[in-house]
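Reading through the structure tokens given below for one structure.
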Amino acid sequence: MPFSEHSPDLLSSPGARSLSPKIAVLCHTGAGGSGVVATELGLKVAAAGHEVHFIGTAMPFRLTGCQGLRGPYFHQVSNFAYALFEQPFPELSAANTLTEVILEHGVDLTHAHYAIPHASAALHARSITRRTKVMTTLHGTDVTLVGTDPAFRHTTRHAIEQSDHVTAVSHSLAEETRAVFGVERPIEVIYNFVDSDRFQRITDPGVRARFAHPEEALIVHVSNFRPIKRVEDVVQIFARIASEIPARLLMIGDGPERARAFELARELGVIGRTQFLGSFPDVQTVLGISDLFLLTSSHESFGLAALEAMSCEVPVVATNAGGIPEVVEHGVNGFLSAVGDVDDMAHNALRILRDQATYQRMGQAARRTAVDRFHPSLIVPQYLAAYRRLAGED
Ligand code: GMT
């Protein structure tokens, strides 16, 4: 609901004054990682006392049920369907709604997650209002996939060059951005984070019993089922595991490759041991009971879903693509293989699942990695410092 529909007195009353700067957050609102990071960060920033306004085409996936009277606020991008327009103009609509929010609420800083259309829309609103600073966080496919397509190459480069500050979620992504666009401007690396209080092991056997028998290994994959995720490799690996030990596979998320993965599970005779659960926000309930996370992507700037699993003491078997090695340490909290090497990934999965000592050592190391390197208390202050620098307060 747009803030203007609340009483403005709520914010102008002395007891409700927020810390400066006030921040607008532009993000994709579905189950994808960039929207999840934007939401989790916006919630932490609001909890730290800043006034936060989310702007999106729909309520962000993980924001549902997390708003209070003092925010964070959500403003739906307004649209105007006109017969002459063959397609909607998401960038212009977002820029227009953002402009309204900036002017109405005195927003000092816009944090755009994902270059297209959000950084572009934020730059547009900045030139209309001449007041908000723009910080852009690059998440991965905005550079590696969308940005490299000729259809968006110039606009993506422009958005990166013209933002007041740019961050990337891994060193790998920062380097790739420089290589792809030849940009020389500084790109600050701020890793993603996981709330390790929320994402932790669930020991209640009753929860696990809903998905697997005690003697079965429970393997999980979470993604948006895009071609880049190579979800068929997940099924191939699982079929190899299930031919050796009792096991079940949970596939969480949805997307264009879901039907092929389903079909392959049927062809390989493991459909009876595989559940496709679709998307849901409280993924921690399933990660918290799982034994192994599979991430088979051909490109992955960070791998937030893997980090959330690690926080739940779940070791990861993954490809060595992009920024994954910055999160998953081979032989310590999981294993890494070449993209497409399903035999090696199945072999590594069995090394973990067949040996209780290895499983426990890697699970505990995974949790330690999440807590020691990716805890919100380490990462969120880096964003807050960048906000303050941009707002000229440091
Ligand atoms: O993985 C996706 O396709 C979703 C995508 C997104 O932008 O929503 O995720 C990207 O951002 C996440 C959060 O920073 C990262 O953890 C993912 O690794 C990254 N995905 C890719 O690079 C493919």
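Close Cβ contacts (under 6 Å, 6 or more residues apart or on different chains) running from residues in segment 309-333 that are within 11 Å of Thr369 (Cβ to Cβ) to residues that are assigned to a helix (DSSP H, G or I) and basic (Lys, Arg) comprise Glu313/Arg367. Between Ala217, Ala209, Ala179, the distinction of being among the aliphatic types (A, V, I, L, M) and at pLDDT below 95 belongs to Ala179 only. Looking only at residues in segment 176-199 that are touching a residue at least 24 places away in the same chain (Cβ under 8 Å) and among the basic types (Lys, Arg), the one that is farthest from the ligand (Cβ to nearest atom) is Arg185. Criterion applied to Leu173, Leu145 was being modelled with pLDDT under 95 and either within 16 Å of the ligand (Cβ to nearest atom) or outside the structural domain of Ser20 (by TED's automatic domain parsing) (or both), and the one residue passing it is Leu145. Where helices (runs of 4 or more DSSP H) sit wholly within segment 333-394, those with at least 1 residues that are closer than 22 Å to Asp291 by Cβ occupy 342-354, 356-374.
Only one entry of Phe335, Phe302 meets the criterion of being within 13 Å of the ligand (Cβ to nearest atom) and either in the same structural domain as Glu175 (by TED's automatic domain parsing) or of a type in the set (Phe, Trp, Tyr) (or both), and that entry is Phe302. I'd like to check something: does segment 298-310 contain any residue that is modelled with pLDDT of 95 or more, farther than 23 Å from Ala174 by Cβ and among the small types (Gly, Ala, Ser)? Looking through segment 298-310, at least one residue is modelled with pLDDT of 95 or more, farther than 23 Å from Ala174 by Cβ and among the small types (Gly, Ala, Ser). Scanning segment 123-142 for residues that are within 16 Å of the ligand (Cβ to nearest atom) and of a type in the set (A, V, I, L, M, F, W, C) turns up Met135, Leu138.
The residues listed here are Glu86, Glu91, Glu100, Glu104; of these, the one that is more than 16 Å from the ligand (Cβ to nearest atom), under 27 Å from Lys229 (Cα atoms) and not in a strand (DSSP E or B) is Glu91.
Scanning segment 262-299 for residues that are in a loop (DSSP other than H, G, I, E, B) and within 15 Å of the ligand (Cβ to nearest atom) yields Ser279, Pro281, Val283, Thr296, Ser297, Ser298, His299.
Against the conditions (1) under 20 Å from Ala391 (Cβ atoms); (2) more than 16 Å from the ligand (Cβ to nearest atom); (3) not in a strand (DSSP E or B), Ile55 satisfies every one except (3). Counting only helices (runs of 4 or more DSSP H) that fall entirely inside segment 166-254 and contain at least 1 residues that are touching a Leu at 6+ places or on another chain (Cβ under 9 Å), farther than 23 Å from Val314 by Cα and hydrophobic (A, V, I, L, M, F, W, C), the qualifying elements are 171-181.
Of the numbered criteria (1) within 16 Å of the ligand (Cβ to nearest atom); (2) touching a Ser or Thr at 6+ places or on another chain (Cβ under 8 Å); (3) not in a loop (DSSP other than H, G, I, E, B), the one Ile23 fails is (1).
The values are calculated or read from the model by the stated rules, or taken from the named source; none is laboratory data. Small disclaimer: the values here were computed from a predicted structure and weren't measured. Cβ coordinates were reconstructed from backbone atoms using ideal geometry, including for glycine residues, and neighbour counts include every protein chain displayed.
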